[in-house]
Amino acid sequence: ISRQTNLNLPEGALAFQDPIQAIQALQDNPMVESIFCTGGAQLYEFYLEHNLISEIYLTLIETAFKTDKQLPLDLSEFTQHLNFRQLDFDRISSNSHKLHYQVHRK
C-alpha cells in the first residue's frame, strides 16, 4: 500500500493506494491465508479506526527511545493470548533490552 504510483515492483507483487481495496482484494484471493499490516503508523491507525484488526502481534521494548510517532493503542477489546519475555542484545550499541512479544485477539 503506497501513495506512490510509479513503483518498481517485482513480478507478481500487488500495489494498492486504497487500504480498503487492498484488504478486499486479499480477502477475495483463495491463496491468501492471513493478512498482516506491518506499518507505518498511518496504516495501523487506519485499520484500527475502521475495526479491521482481529489480532495484534505486539513487541514491547523496556527501553525509552525518542520517536517521531506514538500509536495510541487501546487493547480493551482484545484478550491477551501470549506474553513471551526475552533479553535482546543490540550488536551495534552493545546494549541489552528486555522485549515482550505479545499476541492479542478479539
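Of the chymotrypsin sites (Phe, Trp or Tyr not before Pro) found in region 18-93, those that fall in a DSSP loop while having at most 16 other beta-carbon atoms within 10 Å are 36, 65. Derived scalar couplings between HN and Hα for region 76-87 equal 5, 8, 10, 10, 6, 10, 7, 9, 10, 9, 8, 9 Hz in order, rounded to whole Hz, by the Karplus curve 6.51 cos²θ - 1.76 cosθ + 1.60 (θ = phi - 60°), x for Gly and Pro. Potential lengthening of the chain between residue 59 and residue 32 amounts to 7.3 nm, from the contour at 0.36 nm per residue minus the alpha-carbon distance. I'd like to know which of 36, 63, 14 lies farthest towards the positive end of the charge dipole of the chain, counting +1 on Cβ of Lys and Arg and -1 on Cβ of Asp and Glu. Farthest towards the positive pole: 63. The modelled label-to-label distance between residue 24 and residue 96, using points 7 Å beyond Cα along the C-beta direction, is 5.1 nm. Every Cα-Cα pair in the chain was counted, and those over 23 Å apart are 44% of them.
The trypsin sites (Lys or Arg not before Pro) of region 1-94 that meet both conditions, a loop assignment by DSSP and at most 16 other Cβ atoms within 10 Å of the site Cβ, are 3, 66, 69, 91. For region 25-96, GluC sites (Glu not before Pro) are listed when DSSP marks them as loop and at most 14 other Cβ atoms sit within 10 Å of their Cβ; the list is 33, 62, 77.
No lab work stands behind these numbers, since they all come straight from the coordinates. What you are looking at is a predicted structure, and each value in this text was computed from that prediction instead of being measured. Glycine also receives a Cβ, built like all others from the backbone with ideal geometry; neighbour counts cover every protein chain displayed.
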